[in-house]
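The values are calculated or read from the model by the stated rules, or taken from the named source; none is laboratory data. Only a predicted model underlies this, so the values are computations on that prediction, with no experimental measurement involved. No Cβ is skipped: glycine too gets one built from the backbone with ideal geometry, and neighbour counts run over all protein chains shown.
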Amino acid sequence: MEVSLSFELLGKLVSVIAAVFGFIWAFEKWWKRDEHFPRVNFDIAANIIDEKDDLIIVDVISTLENKGYVPLKIQNFDCEIRAIKSGDNLELGGEAIRNQLNFCHEVANGCFFPKEWKYSFIYPSVKTDYNFITVVPSSCEYLLVKGRFNYYKSTRGHHAGVVLKIPNKSLQRNADASVE
């Protein structure tokens, strides 16, 4: 009786120890793979729509695709457009922008969804487009279009950007006139 009781206690003890080590191993594997961090594909594109009254209409499209297994909640989804204007010299920025080309004029900014919304969400395996339509001065030659967001109730987030060259309307008009 004593022998079977000791084997029974030993078996339970081994089972408990194995379960604890299994839990620790699974948690460590999950943590190291960063599986708690959202999986998202974030792309940004911008289109020049037209020029009117010395303003250029720009349509910015941000595409978010949830590659994870749970709904993705985002907040503070902002768009910023910076420019190099006619007559500006091309200059590299400082350490703050990692010595990249300096787009020295902020010409537009805003949100991809209303500020009153606490968050927006994307379900798993879903791709969602957000638009930001604005105008920039026709004196702009190059645009740096940036989008950024934070995950809901977090300081972690993502950003994306694209650079555009503004077509020269006066050259196009002259070329169209010479064809006629």
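What the table below lists for this structure:
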quantity	calculated
Per-region count, segment 105-118, residues at pLDDT 95 or above and surrounded by fewer than 16 Cβ atoms within 10 Å (Cβ to Cβ)	4
Scan of segment 146-164 for residues that are within 18 Å of residue 122 (Cα to Cα) and either small (Gly, Ala, Ser) or touching a helix residue (DSSP H, G or I) at 6+ places or on another chain (Cβ under 6 Å) (or both), ordered by number	147, 154, 157, 160
Those strands (runs of 3 or more DSSP E) lying entirely in segment 95-144 with at least 3 residues aliphatic (A, V, I, L, M) and in the same structural domain as residue 77 (by TED's automatic domain parsing)	127-137
Selected residue (only one of 42, 132, 121 is over 24 Å from residue 166 (Cβ atoms) and either buried (at least 16 other Cβ atoms within 10 Å of the Cβ) or of a type in the set (A, V, I, L, M) (or both))	42
Matching residues in segment 50-63 - criterion: being β-branched (Val, Ile, Thr) and either under 10 Å from residue 135 (Cα atoms) or touching a Lys or Arg at 6+ places or on another chain (Cβ under 8 Å) (or both)	56, 57, 58, 63
Members of segment 79-97 found to be closer than 11 Å to residue 140 by Cβ and out of contact with any Ser or Thr (no Cβ under 9 Å at 6 or more places or on another chain), listed by number	82, 84, 88
Lone qualifier among 88, 50 - being of a type in the set (D, E, K, R) and surrounded by fewer than 15 Cβ atoms within 10 Å (Cβ to Cβ)	50
Members of segment 58-89 that are closer than 19 Å to residue 146 by Cα and more than 22 Å from the chain's Cα centre (by Cα)	84, 85
Any hit, segment 74-84, residues being assigned by TED's automatic domain parsing to the domain that holds residue 158 and touching a His at 6+ places or on another chain (Cβ under 6 Å)	yes
Identity of the residue in segment 131-165, more than 11 Å from the chain's Cα centre (by Cα) and aromatic (Phe, Trp, Tyr), that ends up nearest to residue 46 (Cα to Cα)	132
